[in-house]
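A.B. asks: Starting off with a structure, shown below.
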Amino acid sequence: MIDRHTIDRIMDATNIVDVVGEFVTLKKAGVNYKGLCPFHNEKTPSFVVSPAKGVCHCFGCGKGGNSINFLMEHEQMTYPEALRWLAKKYNIEIVEKELSDEEKQEATDRESMFIVNEWAMKHFQDILYNNVDGQAVGMQYFRTRGFRDDIIKKFQLGYSLPGRDAFAQAATKAGFKEKYLVDTGLCYKTDNGILHDRYYGRVIFPWLSMSGKVCAFGGRLLDSRTKGVSQKYVNSPESEIYHKSNELYGIFQAKKAIVREDLVYMVEGYTDVISMHQCGIENVVANSGTALTTQQIRLLHRFTSNIILLYDGDAAGKKAAVRGTDMLLAEGMNIKIVLLPEPDDPDSFARSHTVEEYKQYIEANKVDFIVFKIQLMLEGVTDPVQRSEAISSIVKSISVIRDPIKRDTYIRECSQRTGMAERTLIRTMNNYIHAEMEEREKRKERESNNEMQSTEAPDIPNAPTAPVQRATHVDSHTTAEDMLMQVIIRHGNSVMYNDVTFDDGTKGSMNVAEFINFDLQADGMQFSTPIYNDILAMAVNESVKPSFNSEQFFTQHPDINISRLATSLSVNKYHLSRSLEYHEDEADIQKQVLHLMMDFKLNFYQQHLKQLQLELKQCGKDFAKMKALMEEIRTCQEHRNFLAKELGINIKR
């Protein structure tokens, strides 16, 4: 358990821009910052971070919140995990009581799996440094690869002892359950129920997520055991905390350098990444020989739009370089390709060259993807049919590019290099584009309902579709109820009236939240959205505290639904410079609240009238009930008409 005082220290030290900036490239926009949303795919930034309010919010998908909410949503952390992450970042010591067996049992599977992986990584490191076999076998292997001690520690490499159950025994002795050893993939059970180590006798490469959590491992057989073995590497299986299509090896160590250089190098293997870091090139990641996925590309696109594919110069390297380029183009990435001289790969080239030599070679030999693909696919091709198929493949790659200027540039390049008429290439490209559009429309039709619901207000019941700047007239998308809640969040602690005489004869002031609560109770009304009533009640209860700041209280609330909703109502969509920002005074807020309360009540009476009229139609020959309903309808109409007149609205009778 983390005590309240420590939580407050963590929240006081936290800078939302620093936290979000670990995962998203942010640019200044007025008093706020903007970037591509990490929660959904977008080309135009709509993700806003407000350092003054300590919150972030996406105006596209609606997700956001404070620093803790962001980490919980983005990294799938629990509340305590997010607090520990922030505490570690800001060097705040957390003293927690030891969990009892009952509390350990109640811990989530996900958290338990991360704990097991963290322990396993440290165990493998301890074996590498302090065990005789670890030193003689594991460390010797890393030494032969030329890895320095600082690089071995940077990537937290390790070694697993050769006994088939050595790790399993150590983990079980340390108190970890078989379930989590199997769920993480560290161990597996044989048909006869015996627990075996997955990585026994292998050097270990931990996979760190973007936040630095150990999500998986890769284990490599050592040279003496690889002869005749088809699978040198074994990676963690898919699990609750590891999906290989979402992860990139080295992303945690590379993310800051990627932003700094505005460029990422893509290689194939673990040792390629590690050797390049040792050489001095840190903005590098690996997909570990698997096919590149859209999720991985979008992960990189948060940091940069520029990618260089760095591969061996042999036939396999050329084939790997082309694989995945269409997906990269479709996601708006700018692609260059560099093939290293045979027999080098990124690992060996890094070990034999300085960082300056490496970068000079890349600069001199990088080729735009279209030039590379034309050279690769048309080299030595004389058969007309094969040539036609190759050119069609090149044009299809160009067709996935969203930017029309880029497409036009590449079509001209293709025409010049292939000798094909530009008109013919454009017609072929348009056919591909139209075919893709038709397929996309079909997919949209199949998924439109679900997509619209998830885009408008994910995970927030009845949340407003878009925050508003000021309350004047209520449109069809944002109700007076939503706008009242926005006022409560932003100005709940602001004074509404001074010198108010209360029922007990005392005098004092009444703030916005207290007035709205009093006015609603006086007419026997409440909000139709349950979470709105909860927030109003909390605002009234907290109003007794002199230090109460409604916006800060709700945007930093530990309940993720409350803080996310408060954030969506707190952050402005448009970004003005500080000198142009509009500041509402007490008189403005008072007028706004009174106007909104009338709007809210008018809507309430209109809805109530519809319900009463429906009941009247259904009451049959029950004349007593009919008379009571008619009287209630008359009273309701009087209230409605009075409010409509005050608001200047004509009511059709």
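The values are calculated or read from the model by the stated rules, or taken from the named source; none is laboratory data. Remember, it's a predicted structure, so these values are computed and weren't measured experimentally. A quick note on method: Cβ atoms are made from the backbone with ideal geometry, for glycine too, and the neighbour counts reach across all protein chains shown. Side chains are part of the model used for accessible areas, which takes the heavy atoms of the whole protein and leaves out ligands, DNA and RNA. Shrake-Rupley method; radii C 1.70, N 1.55, O 1.52, S 1.80 Å.
A.B. asks: When you check residue 383 against the structure, is it under 26 Å from residue 145 (Cβ atoms) and out of contact with any His (no Cβ under 7 Å at 6 or more places or on another chain), yes or no?
C.D. replies: So residue 383 fails the test.
A.B. asks: Give 382, 455 a once-over and let me know the one that is at pLDDT below 90 and closer than 30 Å to residue 530 by Cβ.
C.D. replies: Only one candidate passes the filter, namely 455.
A.B. asks: Something else now. Just to check your reading of the model, which residue among 396, 359, 406 is open to solvent by 60 Å² or more (accessible area, probe 1.4 Å), at pLDDT 90 or above and either touching a helix residue (DSSP H, G or I) at 6+ places or on another chain (Cβ under 9 Å) or of a type in the set (Gly, Ala, Ser) (or both)?
C.D. replies: 396
A.B. asks: Based on what the data block shows, is residue 152 assigned to a helix (DSSP H, G or I) and under 37 Å from the mean Cα position of the chain (by Cα)?
C.D. replies: Yes: the conditions hold for residue 152.
A.B. asks: Quick check on my filter: what residues within the range 246-269 are open to solvent by 10 Å² or more (accessible area, probe 1.4 Å), touching a residue at least 60 places away in the same chain (Cβ under 8 Å) and assigned to a helix (DSSP H, G or I)?
C.D. replies: 253, 259 - these are the residues of the range 246-269 that are open to solvent by 10 Å² or more (accessible area, probe 1.4 Å), touching a residue at least 60 places away in the same chain (Cβ under 8 Å) and assigned to a helix (DSSP H, G or I).
A.B. asks: Next question, about the same structure. Of the conditions (1) within 28 Å of residue 188 (Cβ to Cβ); (2) open to solvent by 30 Å² or more (accessible area, probe 1.4 Å); (3) modelled with pLDDT under 95, residue 130 fails just one. Which one is it?
C.D. replies: The failed condition is (3).
A.B. asks: Further question on the same structure: Considering the range 156-207 alone, what residues qualify as being within 18 Å of residue 113 (Cα to Cα), without any contact (Cβ under 8 Å) to a residue 40 or more places away in the chain, open to solvent by 40 Å² or more (accessible area, probe 1.4 Å) and of a type in the set (A, V, I, L, M, F, W, C)?
C.D. replies: Residue satisfying the conditions is 182 alone.
A.B. asks: If a residue counts only when it is at pLDDT 80 or above and aliphatic (A, V, I, L, M), which helices (runs of 4 or more DSSP H) contained entirely in the range 534-653 have at least 2 such residues?
C.D. replies: In the range 534-653, the matching helices (runs of 4 or more DSSP H) lie at 560-570, 586-618, 623-647.
A.B. asks: So, in the range 595-634, exactly how many residues are open to solvent by 80 Å² or more (accessible area, probe 1.4 Å) and within 13 Å of residue 525 (Cα to Cα)?
C.D. replies: So the answer is 1.
A.B. asks: Moving to a separate point now. Quick test for you: out of 141, 188, 159, 180, pick the one residue that is within 30 Å of residue 352 (Cα to Cα), under 37 Å from the mean Cα position of the chain (by Cα) and either modelled with pLDDT of 95 or more or hydroxyl-bearing (Ser, Thr, Tyr) (or both).
C.D. replies: 159
A.B. asks: Just one of 371, 400, 338 is within 30 Å of residue 253 (Cβ to Cβ) and touching a residue at least 24 places away in the same chain (Cβ under 8 Å); which is it?
C.D. replies: 338
A.B. asks: Still on this structure: Could you list, in sequence order, the residues of the range 55-76 that are in a loop (DSSP other than H, G, I, E, B) and surrounded by fewer than 22 Cβ atoms within 10 Å (Cβ to Cβ)?
C.D. replies: The answer is 59, 60, 61, 75, 76.
A.B. asks: Shifting gears a bit: In the range 314-372, what residues are part of a helix (DSSP H, G or I), in contact with a strand residue (DSSP E or B) (Cβ under 9 Å, 6 or more places away or on another chain) and among the small types (Gly, Ala, Ser)?
C.D. replies: Within the range 314-372, 317, 320, 321 qualify.
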